[in-house]
Amino acid sequence: MADIIQLLPDSVANQIAAGEVILRPASAVKELLENAVDAGATEINLIIKDAGKTLIQVVDNGSGMTERDARMSFERHATSKIKQANDLFAIRTLGFRGEALASIAAIAQVEMRTRRQEDELGTLIELEGSRVKKQENCSCSVGTSIQVKNLFFNVPARRSFLKTDTAELKHIVDEFFRVALVRNNIRFTFHQNQKILYQLAPSTRKQRVIALFGSSYQERLMNVEHVSEAMSVTGFIGKPEFARKTKGEQYFFVNGRYIRHPYLHHSVEKAYRELIPHDTVPSYFIYIETDPGTIDINIHPTKTEVNFMDNKVIYAIIRAAIRQTLGLHNIIDTINFDVEKSLDFGPPPPGYEVKNPFDIQPTDFNPFEQSRGNKTTIENYRSRKPVTGWEKLFEKPDKEADEQPAVLIPDEDEKTGEFQLLKENVFQFHNRYIVSMVKTGLMVIDQQRAQERILYDRYLEQIRQQSQVVQQELFPMQVSFSPGDAELLNEIMGELNILGFHLNKLGQHTFVVTGTPSGIAETDLQPLLEGFLQQYKRNIADLDLDKSTNLARSLSRSLAVKSNRRLHPEEMIHLISELFSSSVPEQTPDGKRIFTVITQENIYQLLNR
Ligand code: ADP
Ligand code: MG
């Protein structure tokens, strides 16, 4: 039998390699920005058209290349940054694999102009799908300009997997931030479709953070500093009160390179523990400098993961540095633990003697009532007279009462049946569940999920009908967002307006709110909109929803989260009846169960296991 194994042609090998390195326009942006940084540029311009789908251009004033290097740079495994295996442990540059340009040229049309200071003429090279189409001398400025056009033009499957322009642009902005935040000495401009998105002058790190995230960060950030011989950890962390539900302002940099590091992230979270609500994340910008020999950046082709020789030590250092900052700002000592005032299911206070549970008067004690005077609820509870005749509680109810349930939820043949919800028969548990008696047992409703379903139905209807809702006027309030979020908000402003939000763009990332759907407190606005945007982005990434559905879903979800609070019986009844007139009372829009019924049978089983 004849031999059948062959070496793949370079163009094919490059296309396969490209699949790992260039996943989307943002990956090409990252590689080109990093090359410009490695070339020692002091000025970098990023130009994008159609979220990078038509054009990505990076212009730098760095070292430039010779004619031969210009040609070589597109070969696979061609790099000027390492020469031997040992160099891998002393990496100071961002690139080192020599794969990026070869990969990009395999799946796009590329035009490069480059010139070194000492050369009179520069080089122009054009490539398409790994083939060199043109190479000639040209007069151009010192440095390198690379245009990448029609990314994935020859890999239609890849191209069709690209998300909306908004989503792809968001990825590009993220990559831009990851470079700009740590290269504060470099001047950057960033254009998208002829509009300037960012213009950043060389500055201090803090000024850079502020230039990217907005002037409010001046007050939000505190300095972190730990410098030892082996390593320095410096940067900024957000004050606890600015911790947000939206992720995105968590940055670690090691030797000038952005990294993702869940373990180190955990050390920050731990330092903030008990200072912020558990579903929020603090902002941080942490710059680690250490001997390149103590880290391994060679794990992942896109190189956002880095391993430290001693993860535990750096974990401890970061946590200690943050605790120190929080301490210096008197944050740790002045925490006010917010004790839940409603129901306390915890252990009884010290000195409380546990008694026969029936040794109390059950008729007029209402655990939902606020304690009177300066006595705690539990003391009130104990000060009741002991009861006699408690056995009565266990007498079989008479037949009449048994057949006349106080609350009726329509079942199959009773769809039009009337509700008879009495406030005596609903109560709330843990500010989260509504329990009510129904024909077949005890119905337990998840308050938040119920609210989500009700709001979702309402919002979807409003958007579909384009029916403007009643707004509550607000004293104009300013809210500000990260640039990506601001861009997104801009895009869905029309729909938000229908839902009752009246927003006007004020600055690059700042909006003025003059109206909201009724029932939203002013103070909740910023976190609410952030929660909403986060949900919306997650839905873009994970689900294939149309804009209206996504909006209705995200908004109902983020508003519903607020709904776990104590409710008055009237409110509970209102919620239940709204729920059962919604389109699908059983499930939330994403398919979670909203209520369950605990039957007599269930209870019997629980008690007789
Ligand atoms: P790597 O960055 O891993 O070395 P690349 O494929 O990104 O691999 O680039 C290959 C080589 O081309 C680099 O090592 C560098 O010598 C050269 N190069 C790429 N971009 C530039 C640039 N903007 N300015 C100067 N040289 C560059
Ligand atoms: Mg590179």
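The values are calculated or read from the model by the stated rules, or taken from the named source; none is laboratory data. Source: prediction; values computed, not measured. Cβ: placed from backbone, ideal geometry, glycine included. Neighbour counts: every protein chain shown. To get the accessible areas, we keep the full protein, side chains included, count just its heavy atoms, and leave off ligands, DNA and RNA. Shrake-Rupley method; radii C 1.70, N 1.55, O 1.52, S 1.80 Å.
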Task: Yes/no for Ala106 being under 29 Å from Asp296 (Cβ atoms) and out of contact with any Leu (no Cβ under 8 Å at 6 or more places or on another chain) - done: yes
- [ ] Go through the stretch 76-88 and give me each residue that's over 16 Å from Pro292 (Cα atoms) and either within 8 Å of ligand 1 (Cβ to nearest atom) or outside any loop (DSSP other than H, G, I, E, B) (or both).
- [x] Ala78, Thr79, Ser80
Open item on the list: Let me spell it out: the conditions are (1) within 32 Å of the chain's Cα centre (by Cα); (2) under 26 Å from Gly256 (Cβ atoms); (3) away from ligand 2 (no atom under 11 Å from the Cβ); (4) open to solvent by 40 Å² or more (accessible area, probe 1.4 Å), and Asn86 meets all of them except one. Which number is the exception?
Closed with: (1)
Task: Contacts under 8 angstrom Cβ, first residue in the stretch 203-227 being farther than 27 Å from Ala316 by Cβ, partner assigned to a helix (DSSP H, G or I) and of a type in the set (A, V, I, L, M), 6 or more apart - done: Ser203/Ala211; Arg208/Ala180; Leu212/Ala180; Tyr217/Val209; Tyr217/Ile210; Gln218/Ile210
Task: Boolean, Ser73 is in the same structural domain as Ser130 (by TED's automatic domain parsing), open to solvent by 70 Å² or more (accessible area, probe 1.4 Å) and within 14 Å of ligand 2 (Cβ to nearest atom) - done: no
Task: Odd one out for Glu43, checked against (1) away from ligand 2 (no atom under 13 Å from the Cβ); (2) within 18 Å of Leu94 (Cβ to Cβ); (3) touching a helix residue (DSSP H, G or I) at 6+ places or on another chain (Cβ under 8 Å) - done: (3)
Open item on the list: Condition check: in contact with a His (Cβ under 9 Å, 6 or more places away or on another chain), surrounded by fewer than 18 Cβ atoms within 10 Å (Cβ to Cβ) and among the basic types (Lys, Arg). Does Lys163 satisfy that?
Closed with: yes
- [ ] Mind telling me which of the residues Ser141, Ser145, Ser103 ends up being surrounded by fewer than 17 Cβ atoms within 10 Å (Cβ to Cβ), polar (S, T, N, Q) and either within 12 Å of ligand 1 (Cβ to nearest atom) or in a loop (DSSP other than H, G, I, E, B) (or both)?
- [x] Ser141
- [ ] Looking for whichever is among the small types (Gly, Ala, Ser) and open to solvent by 50 Å² or more (accessible area, probe 1.4 Å) here; the options are Ser577, Ser581. Which one fits?
- [x] Ser581
Open item on the list: List the residue pairs whose Cβ atoms are under 8 Å apart, where the first residue sits in the stretch 24-38 and is outside any helix (DSSP H, G or I), the second is open to solvent by 10 Å² or more (accessible area, probe 1.4 Å) and of a type in the set (A, V, I, L, M, F, W, C), and the two are 6 or more positions apart or on different chains.
Closed with: Arg24/Leu162
Open item on the list: Anything in the stretch 436-455 that is open to solvent by less than 30 Å² (accessible area, probe 1.4 Å) and not hydrophobic (A, V, I, L, M, F, W, C)? List them, or say none.
Closed with: Ser436, Gly441, Asp446, Gln447, Glu452, Arg453
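Please specify each residue of the stretch 28-58 satisfying the condition of being under 21 Å from Lys81 (Cβ atoms) and either hydrophobic (A, V, I, L, M, F, W, C) or more than 12 Å from ligand 1 (Cβ to nearest atom) (or both). Even if it seems obvious, please write down each step before you answer.
Taking the stretch 28-58 as the starting set, the residues that turn out to be under 21 Å from Lys81 (Cβ atoms) are 28-42, 44, 58.
Selection gives Ala28, Val29, Leu32, Leu33, Ala36, Val37, Ala39, Ala41, Thr42, Ile44, Val58.
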- [ ] Check Thr123, Thr144, Thr93, Thr66 and return the single one that is modelled with pLDDT under 95 and among the polar types (S, T, N, Q).
- [x] Thr93
Task: Residue under evaluation Ser73, criteria (1) touching a residue at least 40 places away in the same chain (Cβ under 8 Å); (2) within 12 Å of ligand 1 (Cβ to nearest atom); (3) touching a helix residue (DSSP H, G or I) at 6+ places or on another chain (Cβ under 6 Å), criterion not met - done: (1)
Task: Any helices (runs of 4 or more DSSP H) falling wholly within the stretch 429-520 and containing at least 1 residues that are of a type in the set (Ser, Thr, Tyr) - done: 447-465
- [ ] Please work out which residue is nearest to Lys163 (Cα to Cα), limiting yourself to the stretch 40-52 and to residues that are in contact with a strand residue (DSSP E or B) (Cβ under 6 Å, 6 or more places away or on another chain) and open to solvent by 10 Å² or more (accessible area, probe 1.4 Å).
- [x] Lys49
Open item on the list: Condition first: under 15 Å from Gly98 (Cα atoms) and among the charged types (D, E, K, R). Now tell me which residues in the stretch 43-81 satisfy that.
Closed with: Asp69, Arg71, Glu75, Arg76, Lys81
Open item on the list: What pairs come out if I take residues in the stretch 558-584 that are within 25 Å of Leu496 (Cβ to Cβ) and in contact (Cβ under 8 Å) with a residue 12 or more places away in the chain and pair them with residues that are among the small types (Gly, Ala, Ser) and open to solvent by 50 Å² or more (accessible area, probe 1.4 Å) whose C-beta lies under 9 Å away, six or more apart or interchain?
Closed with: Leu559/Gly519
Open item on the list: Going by what's in this entry, would Leu169 be described as surrounded by 18 or more Cβ atoms within 10 Å (Cβ to Cβ), within 16 Å of ligand 2 (Cβ to nearest atom) and among the aliphatic types (A, V, I, L, M)?
Closed with: no
TODO: State the number of residues belonging to the stretch 89-100 that are within 12 Å of ligand 1 (Cβ to nearest atom) and either of a type in the set (Asp, Glu) or open to solvent by 50 Å² or more (accessible area, probe 1.4 Å) (or both).
DONE: 2
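Can you say whether Thr123 is of a type in the set (Ser, Thr, Tyr) and more than 16 Å from ligand 2 (Cβ to nearest atom), as far as the supplied structure shows? Before you say what the answer is, go through the steps one by one.
On the way: of a type in the set (Ser, Thr, Tyr): yes; more than 16 Å from ligand 2 (Cβ to nearest atom): yes.
Considered against the rule, which asks whether it is of a type in the set (Ser, Thr, Tyr) and more than 16 Å from ligand 2 (Cβ to nearest atom), Thr123 comes out as yes.
Whether any residue in the stretch 72-95 is over 25 Å from Phe153 (Cβ atoms) and touching a strand residue (DSSP E or B) at 6+ places or on another chain (Cβ under 7 Å) is what I want to check. Working first, answer last.
We begin by selecting, within the stretch 72-95, every residue over 25 Å from Phe153 (Cβ atoms); these are 79-94.
Keeping just the survivors that are touching a strand residue (DSSP E or B) at 6+ places or on another chain (Cβ under 7 Å) gives 94.
The answer is yes; a qualifying residue exists.
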